[in-house]
Each structure stands twice: as C-alpha cells, then as structure tokens.
1. For segment A:454-489, give me the residue count where each residue is assigned to a strand (DSSP E or B) and not charged (D, E, K, R).
2. Does A:E199 qualify as being of a type in the set (D, E), more than 19 Å from A:Y154 (Cβ to Cβ) and either in a helix (DSSP H, G or I) or touching a residue at least 12 places away in the same chain (Cβ under 8 Å) (or both)?
3. Would you confirm, using the coordinates I've provided, whether A:I198 is under 24 Å from A:L321 (Cα atoms) and surrounded by fewer than 24 Cβ atoms within 10 Å (Cβ to Cβ)?
4. So B:R190 ticks every box in (1) under 29 Å from B:L436 (Cα atoms); (2) surrounded by fewer than 17 Cβ atoms within 10 Å (Cβ to Cβ) but one. Which box is left unticked?
5. Assuming A:A307 fulfils every condition listed in (1) surrounded by fewer than 21 Cβ atoms within 10 Å (Cβ to Cβ); (2) in contact (Cβ under 8 Å) with a residue 12 or more places away in the chain; (3) within 14 Å of chain B (Cβ to nearest Cβ) apart from one, which condition is it?
6. Filter segment B:528-546 down to the residues that are facing chain A (nearest Cβ under 8 Å) and either of a type outside the set (A, V, I, L, M) or without any contact (Cβ under 8 Å) to a residue 12 or more places away in the chain (or both) and list them by number.
7. Identify, from the list A:S523, A:S581, A:S564, the residue that is without any contact (Cβ under 8 Å) to a residue 40 or more places away in the chain and more than 10 Å from chain B (Cβ to nearest Cβ).
8. Consider A:S564 carefully, then state whether it is among the polar types (S, T, N, Q), in contact with a helix residue (DSSP H, G or I) (Cβ under 9 Å, 6 or more places away or on another chain) and at pLDDT 95 or above.
There are 2 protein chains.
Amino acid sequence: MPTHSTPWTGKAPAPSTLRSDAARRGGPVMPSRSALRPLGPDEISIVGGFWQQKQQLNADVILAHCENWMERVGWIGNFDRAAAQTIGSTHSGIEFVDSEIYKLIEAMAWELGRAPHTALEGRYHDLVARVAAAQEPDGYLDTSFGRAGQQPRYSNLEWGHELYCFGHLIQAAVARLRGGHDDELPAVARRLADHLYIEFGPTGRAAVCGHPEIEPALAELSRATGDERYLELASLFIERRGAGTLAPIAFGAEYSQDDEPIRSATVLRGHAVRALYLSAGAVDVGVETSDASLLDAVRMQWSNTVARRTYITGGMGSHHLDEAFGLDYELPPDRAYSETCAAIASVMLSWRLLLQTGEPKYADLIERTLLNNVLASPREDGRAFYYTNTLHQRVEGSIPAEDEVSARAESSLRAPWFEVSCCPTNVARTLASVGLYFATATADGVQLHQYGDYDVATTIGAGELRLEVRCGYPFDGGVRMDVTAAPPDGATVSLRIPAWAVGATLDGTPVEPGAPATVVVHSGDTVQLELPVAPRIVQPHPYIDSSRGTVAVERGPLVLALESVDLPGNANVAQAILDPSGGLRLTEHGAAVSIRLEAATETDWPYGASVDPARRSSDEIELVPYFSWANRGPSTMRVWIPTMLK
Amino acid sequence: MPTHSTPWTGKAPAPSTLRSDAARRGGPVMPSRSALRPLGPDEISIVGGFWQQKQQLNADVILAHCENWMERVGWIGNFDRAAAQTIGSTHSGIEFVDSEIYKLIEAMAWELGRAPHTALEGRYHDLVARVAAAQEPDGYLDTSFGRAGQQPRYSNLEWGHELYCFGHLIQAAVARLRGGHDDELPAVARRLADHLYIEFGPTGRAAVCGHPEIEPALAELSRATGDERYLELASLFIERRGAGTLAPIAFGAEYSQDDEPIRSATVLRGHAVRALYLSAGAVDVGVETSDASLLDAVRMQWSNTVARRTYITGGMGSHHLDEAFGLDYELPPDRAYSETCAAIASVMLSWRLLLQTGEPKYADLIERTLLNNVLASPREDGRAFYYTNTLHQRVEGSIPAEDEVSARAESSLRAPWFEVSCCPTNVARTLASVGLYFATATADGVQLHQYGDYDVATTIGAGELRLEVRCGYPFDGGVRMDVTAAPPDGATVSLRIPAWAVGATLDGTPVEPGAPATVVVHSGDTVQLELPVAPRIVQPHPYIDSSRGTVAVERGPLVLALESVDLPGNANVAQAILDPSGGLRLTEHGAAVSIRLEAATETDWPYGASVDPARRSSDEIELVPYFSWANRGPSTMRVWIPTMLK
C-alpha cells in the first residue's frame, strides 16, 4: 500500500543537474538542467485507449495524407527542381512550404522513434534524400530563394520565412537524433546551422527572421549535438528581436514581436504562433544560459496571456486579420482564430515551463489545449483538418471538396488541405510525440502530468521504476496505476490533480485540485485516482464582453459544445438558452442540459425596445465534446450558451 | 395657417416623369424618373448651424489638408510623371491612389457648385490640368498601369482597381457637369468612358473590375451627358458580376460580390464598400432601364442588411480581415470595422432608394449614418480622420504623429493621413454636397428629409416655393419652417418624422414617427415641428451576442458613448455598469446617466466560478455624442454599456 504524503505545493524545485548526452534518445525538448527530466520514447509509451487511437490514426492515415497532398501540389517536387537547378519561377506554393515537408519528416522521425515501421522508414529516407539533394554547397537550403530566377537569399527577412523553414528542418533533425540516429538528416541540419552561424552569428549580419522558429530549433540542436555555437546563435536571435531590425510591415512591429525586447514585454502579442515559438526559444536559451531574468519574463508573459488572452479551449489568437492575439479580454467566440498551430506552440511553451518549474498549471494548460484545441483540428477519419477553431459557428458550415485545396476553412467543415497548410503537418508531429508530454522523472521518482493508457519504464536514482497507467480518459476520471517494479525503498510518484478536479480522491483520500498528489510506491502497489468528471457550469470573466450572459459546460478535462444537429428540428443554436436550474446529467461522452429554444423575431432595425421571443418548453439536450464537433455534417455550434436571450 | 393632412403612408408613389436635361445643374444622383426629384445647388443651400460649420470646415481645412498631403506623398505627382512618361517604377502609393485625387476634385467641384470661390477655382483647374495631361491618346488614364516599367493595362482586374479609379474620375466629372460646367474634366471623362465602351462594351471583353464603382459612375455620366452607351456599359458591368469572371482570390468571390448575381442575392456580403457601390450602381441602372426586378432585389438586400448587418451608428462591415460584412447579427462593437467609406456608400445607396420610393426609412438611415458614422471620422479641427470607427475602444488610443502616414488607425486616435487614404477625400466630397441630401421636390411640393438650417427655393407645378428651415439640430429637436413664397393655392410640404421621434408634434398636433407628416402651406406660413430628443435606452436584438446584457443610449438622432475621460479617475470603461433605474437626464449635447464602477479582479484563469467585482456607488456621468468621441485626448470608450457585469 503506497504512503500518501501531503500534496506538493507546486513551488519550483531547485534545478537538478541532469545533464543530457549529445544525441541521447529522448523527446521534444531536452534541457541540460531542469526541475523535471523529460522521458524518452524508450521510457514511456502509449499502449491503448483514446490516445493510442489518435496515434494510430496519425501513423496509419495522417502521415500518408500529408505526404500524398504535398506530392500532388508539388511542394515536395520543389526540392527535386531545386536540386536540378530548374526551379526558377516554377516553385509551387507560397514561400514557406518547405517547412511542411520538414514537419512531416519530423512527424515520421517521432513515429519511427516510437515503434519500428519498415515501410515508413523507407518513405522517411526517400523524403530526406530529396531534401538533402537540394542543399547547396555552403549549407543553404531553401527552394524559394537564391537560385536563378528567384529572389536573392535573405532579401526579404520580413516575409521570406527562410529561417523559419530552417528551424523546422532542424527540429526534424533533432527528432531524428532523439530517435537515436545520427545519420543523413542531422548532417544536413548541421551544415545548414553552420552556414547560419557564419551568416547571422557574432560576425554576421545582425538580423532576425520575420517568423520565429529558428530560436528553439538551434537551442535544441545545440542540446542534441553538444555544439555550443548553435546555442550562441539562438541567443543572438532572441536578443536581437525587439530592436526593430525588421522593416516596417502593415501589421505593425508587434506582429513579429519586433516591437519590444522579450525581456521587457509583459504579455504575448502579435501573431500568435510567432509569439509562442519565440517564447519557447527564449525558455530554451534562458535555461541553457542560466538566465533567470529571461525565464521570469517569459513566465510572466505566459501568466498574463493565460489570464486575459486565452480561450476556454486553450486556444490563442482572436484576430483573423493578422492571426494575432487580441487585446486583454478580447476573446470573441464567433471570430476566434485559435489557430491549431498556435495551440501546438502553446503546448511547446507550457511543456518547457513545466520541465523548468514543475508547476502543475503548465500541465493543466497542456491538458486543456491538447484535448480541446489540438484534437479539434483533425476530422475523425484523419483526412481533413481545422486550421482555425471557432467557438461559435453561426451558419451551417459548407463541405469543402475532398480533392481541392481550401482557404483557411472559415465557415466550413474541416478541409483536406490548405493553401497555407501549416496545421495538418503540425498535428502530425504532435500526435507522433504526444506521449512524451505525459510524464517526467526526477532522481526520486516519476511525475504523471497527463492521463491515458501508458507504461513508464525508467531508472531513477535508486534503481528501476516501472508503472502501468490505465484509465478511461478523457471521458472517465478513474485512473489506475500499477507499480510493476520499484527500487527496494520505494519511489515517489506524483499525480497531477487538475485544477478542475474538485473532489478528487487518491486511494479514497481527498486530494487538493490544482496541485500534484504524491505517493511513495513499492513494487506491486496499485494506486487508484478518482477525478470527478461530473459536468459543471463555467462563467466567463466579467470583462470578456463577447460572452456576457452566457455559460459554458465542462466535463472533466473536456469543454463541451452545443451542436444544432442535437436540437429539435435542427434549430440554429442562436435560439438556445441554457437553464442552469435544469441540472446537468453526465452522458457517455458529454452532458445533458436543459435547453429552451427562444426564436427572436427579426425586426426591421435590430436596436430598440425589447424583443419578446417566442418561447418553447425546455428539452434535455446533450452537449458533445468540443473537439468532436462537426463530425456529423454541417451544423451550427456554440461553446458559450446564453442563459438569457438579451 | 397650414392645413394638416394625415401622415403619408410611406408607400412608394408612382414614378413621376421628371426628365433631366443633359448637364442640368443638380446634385449627386439625378435619375430620369423618380418618385422624388432631387434638388440642385441652386435650389437648396445650408445657411447656418451645425451643418454649416461642417461644410465650412471642409471648405477651409479638409480640402487643403487632402491636397497638401497628396502633394507631399507624391500621389498628385504621379500624374506629372505619367504625363512625362517617366513614371515607370516610381509610382507613389498603392495602385489606386489616383482615385483619391479624383475624390478631392469631386469635392472641389461640389464646393464650387455650392458657392463661388476664386482661389479654389484655380486649385481645381490646376489639378484637372495635371490629370488631363496624363490621359493617353485613346482615353485610358491610370498612373499605375500600362506605361513602360509598369504592368500592362487590365492585367490584374482582381486587384488593379483601374475601373474603380475611372469611376471616381467620372463621378468628379459628373459633379462638374452638375455645377453647370461642361469643360475640361467632363471632356476627359467622356474620352475615358468612350475608351471603356470599346474595351468592355458589347464587343469588348466580358469582364468586371474587382472593386465596383464604375457602375454608378457610368450611369450618372449617361444621365449627365445623355449618352446612352454609358448606361449600356454600366448595365453590362452589373449583369456580368456574379458570373465568376474574376480569378479566385484568398478572400473568396463574395469579397468582390462575384459569388452570385445581384439579382439573386438576398443580403449584402463581402467587402462593404464594394457591395454598397455596386448596389448604388444597380439602382441607377434599374431606374434608367425601368427594371423593377433589379430594384426589388437591391431593396430586399438593403432591408436584410439593415435588419441584421448594420451597427447602431449606421456603420457597415464587421470584419477587419477583409473590410467585409459579417454574418447576420455578427456585429462586435470592439472589432467593428465600420469603415467611413462604407458609411458614405450606404448614404449613396439609401439616397437612391429614397428618391425612387419616397420611403422614409431610407432617410432615417441617412440621418443615422451621417451623424453617427460619417461625422465620427473627421477630428473637430478637420486635420485628422478615422478610417475605421470602432464602437468600443478597450485601451486608450495612441496619438498618431501629425506628420506621418498611418496604417488604418486601429487603437489610435484620428490620424492625419493613411497609406490607404480613401476616407478623408470621401468625407470631403460628402460634406461638400451634404445639403443636397436634405430635401426633394415633387410636382405638388417639397419633402424635408433631414433637418438643419437651410433655404429651399424651387419651382413646383403651380409656381415658386421658398422655404426657410431653422433648428438646433442635431442637439435640439425644434424645427421651424417659414414659407416665404408659395403658389396661390398653396403647396404640400412633407416633413420626415424620424422613427425615433415618439411624441413628435407638428404645430402642436401629435404626428406619427416613422412616416412623413404633410402640411399644405401658403406664403407667410410658419410651421413648427417638435421632435423629442429626450435620451432613451436602446437594446440590441437578442441574436447580437457581442452586445448581450448591454444597452446603448440615444438622444434625438444621436447615438451616445461613454468615454473614460468622463469617469472618476479616468477609470477604464470596462468597469462601467449602467443602472437603467437611475434615470436619464438631458444635457446640452449628450445625456447624464447613472453609472456604477465595478472593477473585476483579475484571475489566473478567466473562466470558472463567478467573480465578485468590487462595487462603488453610482455617479451621474455624462455620455457624449459618439461622433465627437476622442476629441479630448486618449480615452477608452463604449457605445454598448453593460447593465450587468457578467
């Protein structure tokens, strides 16, 4: 029987001195010092349940879907034409489509690191060979710039995305290294990074790329190779941003976070993906250079952004215009941009901060964001995606053609491919590596941050520790952990108690939500965690004007949504009023609530005296998990449901 | 003593057969047949009060401001370089800046038509001469296309804006003709229109311009010159749109209204200015070709747009991304785009429909839009403008530099000039001609649609009719009309009773709001209209989610706003709660209401249990006319004020 200790306070432990070896197997982000040590694919694996289904869908469908589309639209072919020096004006797609191939390669690398797969291994090597063939003798590698008939290299740092693409190539190489292979792709990445060090390093040009991404990539490559120059270059890029080296653009300097140095900014702003990738890089640099003030700046920005600029789904970015954060509390459900890539970038940032501080709030946001935003993107069959993730669909979405490239899928169902198609490949690399975000280790034991069906087998200070975690997550809150091996004196396991899990118990003993509960375990122990998933009403902060007079319903880790396909006569959700006094009833995957339909009369002029809506009696209607919406055909939908019509 | 008749029903009278002579003096829009006949500048003139101040500001400041800026940024110089065949790649500004010079010339033409002004006459002719010098031998005239070093003519109909610019040149020429002068500019316009007839006419290419504007311009030029070919070409452009002749663009075909023929569309959609200019042109074509189904289609689109897609200020366009209409009831106050040009275009459309139908709802919307959106654009001193007109300023706006070109002034105070600066010149041409929208005539008499201090002197069927209208509008609702001359048997004058004017009286007799009141008048009569301007609470339609739980306050024709400079301690308007039970008190220009400040605590995560705000006692706070906001320095502001915080 495990010994229960008092809940962990969530204060940041002193950094351990875990030092990674170059090219040691591991997952995304391997800091040389951190409070919590990330586990590698040889230490943790998803073995069943909800997440295993998602990983299998990714391996079986999504990877091939992305690869096939990118062959079809000529984006992979760009590398062949570049290698043959024939690309000139025949480049396919916008200037940064190289990055999509790199994210697919990264996804394949994680997938291969997770489990051997001969056919995939062949496809991976074929792709890498085509990319490698396009690398120029000095290491430069971009199919959009620098060859005959193209704009010169680095001639448009504001919009050219060259370093952004390089960052994704490097991330793919890091994934390959973390899979234990130091072969062709890492060699390409080293040559590229060496070129960048000459071009942009201490004696090179003092410039940055309009789209951050190279920063975390170089820091991670430094970790994975031991080459300190890459870290130095990442640090230079971090420090240069905010100095106005980029030429003015219509969206303003904040779009590229060039308005203010990251050390003095207080909140994330501008283009959401840019801001989040940059922050991730700043954490990496801050960790490796022991720069507490840089880390503190990012942590404050995270806190203020989460408190004022984040959707209930974890989504970030309120503006369609510039894919950007809005002002504080400017979070319109119907115009939520909530780009899938921003959610993924948010997970990347929170994971880094979790590793550094051990604070459970970062794992809470990862849970929320993965389940309610990242997973909302892929369709159930893995063959279509949301780029933006609205929280309120006012009209029934149209159905994109399965064989056409879409715009960003506004007011439509999920689309198979996009003109700017950053999200599908980002989903692919995230799903392939998602289990690596579930738990960490310290010298004393293991910390469970996310719940699913997975096995942990690692070595802590005192010896081997093996755990089997099983649960019905995210629909059921019971989590069982079997300890199949532990050092003789036991090991400490901490289990995150989500902030929403009021009434949680660990082996029948109440535990505090919002902090980890820790147990000392021995071989053969079983620990049973119960997280109540009863549906609950959630209110928006009073300053979120766009949601005044509404509530949302959550259920365990899931945000629920009302879809018109579940309303009598497929009524538009505009007519739906939630009656909180009607109670909430748990269903298999969602919750049933009391919904009254009140159709308001259309008036010639929509402002004036009160409109008395026609009332119908209440029905019990089932709300569904937000991530699963729009899988049953066109529908209107809302997360925030009025409790009063006006 | 005038004889009161029953209020006019607002039903459309049968079209009269008033036939305009070519080049007859008149105002914007002179249909050859209409229910109401527009008055020319020799028939109506503003002589004092609020509107006279605005027209004087325009004549004294705004015209010169626009001219000086356009010299400074090289947009006028484009014509000189085009004439000298040296423009090549030296064109200043985006591709459609020619249109700004044309709108300024149009403004000057209206101003010269209103009153003689020797110095302005010289500036007008200088500008026209510089434009004329750039016209090519075949009539084509665009400084962005077709010369050495430039893209070919008509090579980018989606974005090139050539026909849009031509439309504005033609509108300027029409204004000159309507001032009674058939001289250089009309000759330039005829040559251009002749070129267009060859290029795009029945035997030319079947194409349209990405930005409508040529349609109303050609129809009006046909009216002003009697040349039927121009009407034929306008009709072709109207009929071709919606057939997909434009190449696909990222914003979708609806951006340019090329998604559906105007005859089958049911609501305005896509780019708001484009949609409204197109509709204006469709009315002109429908009128001149007696095409009732085309007119009916536009009237239905107007009704649906006003009922579901229009801000309380009359503003149109909810999307920053594409300057476009949102979906039905998607009217976020904080992200209101409400472009000044869209408001002007809305006035242009409503005026055409008012002339055709006589229905007062069109005049109601003109009043609302002029006072609450168009007039919100210019700063009190006429040297800075709003391009977009938000209804909720969340942070104190920054102050744009007086000597720099701004972006579109998001989150800032009014700016002196913009990179895309369509609004200042549009305001200029509107203010120069605004009095021409105030009244109309029929064979029996005159109809007063807008109130101000103005004189009417016209000839109706039975003889001369002279009226002097005097009032304290828009702040005071008393309107006096003196009849200084009338035919022996009298004349019928109708006075619009705005829909908001509940309790209005005409010579002490109650009259119905929302319909004109008519009186038969004789020389020497005085008529006294009283429109109650007591402040009133207005509620949004239940489906306007972004304003749920809020109210606005109106006062006579004015929409009021709460500005933080009027709150204790300059508190952010986010904290303000309006207590409707506290009563409303009329002030000189606004209204005093009971406002309670409730500062809500910031929480780590903005969704959850109820936040109990700190309450302060209520104060009586004065709301100011929306159009005047941000004239006292940086402020937060809102039109829709919560009556409950959450």
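The values are calculated or read from the model by the stated rules, or taken from the named source; none is laboratory data. Predicted model, so just to flag it, every value in this text is computed and none were measured. As a convention, Cβ positions derive from the backbone with ideal geometry for all residues, glycine included, and neighbour counts pool all protein chains shown.
1. Residues meeting the conditions: 17.
2. It is false that A:E199 is of a type in the set (D, E), more than 19 Å from A:Y154 (Cβ to Cβ) and either in a helix (DSSP H, G or I) or touching a residue at least 12 places away in the same chain (Cβ under 8 Å) (or both).
3. Values: under 24 Å from A:L321 (Cα atoms): no; surrounded by fewer than 24 Cβ atoms within 10 Å (Cβ to Cβ): yes.
So A:I198 does not fit the description; no.
4. Only one criterion is unmet by B:R190, namely (2).
5. (2)
6. Residues of segment B:528-546 that are facing chain A (nearest Cβ under 8 Å), as a first pass: B:538-546.
Result: B:Q539, B:P540, B:H541, B:P542, B:Y543, B:D545, B:S546.
7. Every option except A:S581 fails the conditions.
8. So A:S564 passes the test.
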